[in-house]
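The block underneath contains the structure these notes are about, expressed in structure tokens.
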Amino acid sequence: MFPRLPIESAQPLAVFAFARLLVVAAGVIALAVLGLPYEGRAFAVLGGLGVPWSLVCVALASLVITPFASRIAGRFGTASVIAASSVASAVLISVVWLIESMPLLFAVVFLYGVAIALCFTLSEYWINAATPNRRRGFAMGLYATLLSIGYAIGPGIIAVLGASSARPYLFGAMLMAASAIPAVAARRLSPDFS
């Protein structure tokens, strides 16, 4: 079903799965704080729909880009696309605090959704391609566990850093950018879509 890569050790998988933990923590920070800088501003009075519509933008972006993920990875390389998507997400998270326009916010959030969808789609393919059948349950269990931890860490970071400044955005951007490091480091092990 998936072409196997020559990886027998769980160490590369653990490092890569840890990178996904950073992505999820940063993603939760970004999604949780998207509506916060707009509190009290005129265009935020869309019935309090800033955050739900932001989630719709992320979901729509995922639906739009996911069918093309393999073609994009085939052209540019899986590791390169994951790293570039992580960096793009970091940049997009860091500028959200500065946005004054709701339509521009939705455009930035849509692009963020594209980048995050590429990260997740390709990292899950990578894990399946890199893991021998006998270790796939362990690999996906580790991956799912770290994703869940990331979902728990994100709100905790917001609680510590607060939501009234750019700090949670910048910290989320830093986590997202850091998640590109394992993809770049393991680029020789990345699956080939060509």
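The values are calculated or read from the model by the stated rules, or taken from the named source; none is laboratory data. Please read all numbers here as calculations on a predicted model, not as lab measurements. All Cβ positions, glycine included, derive from the backbone under ideal geometry; neighbour counts span all protein chains shown. Ligands, DNA and RNA are excluded from the accessible area calculation, which covers all protein heavy atoms including side chains. Shrake-Rupley method; radii C 1.70, N 1.55, O 1.52, S 1.80 Å.
Just to be sure I understand the curve: with the Debye formula and one point per C-alpha of segment 63-113, what is log10 I(q)/I(0) at q = 0.14, 0.30 Å⁻¹?
-0.43, -1.09
Calculate the FRET efficiency for ASP192 and ALA163 from the Cβ-Cβ distance with a Förster distance of 41 Å, rounded to the nearest 0.05.
E(calc), rounded to 0.05, equals 0.45.
Please list, short to long, the whole-number percent of alpha-carbon pairs of segment 79-194 in consecutive 10 angstrom bins beginning at zero.
Values per bin, smallest distances first: 13, 37, 34, 13, 3, 0.
Which value, in Å² and to the nearest 10, is the accessible area of TYR125 when all protein chains are kept and the probe is 1.4 Å?
Answer for TYR125: close to 40 Å² accessible.
Return the carbon/sulfur percentage of the accessible area of segment 48-194, one whole number, probe 1.4 Å, all protein chains in place.
Carbon with sulfur: 72 percent of the solvent-accessible area.
With a 1.4 Å probe and every protein chain left in place, work out the accessible area per residue of segment 117-167 in Å², rounded to a whole number.
Each residue of segment 117-167 exposes 47 Å² on average to a 1.4 Å probe.
I need the Kirkwood Rh of segment 155-194: take the reciprocal of the average 1/r across all distinct C-alpha pairs and report it in angstrom.
Kirkwood radius, segment 155-194: 12.2 Å.
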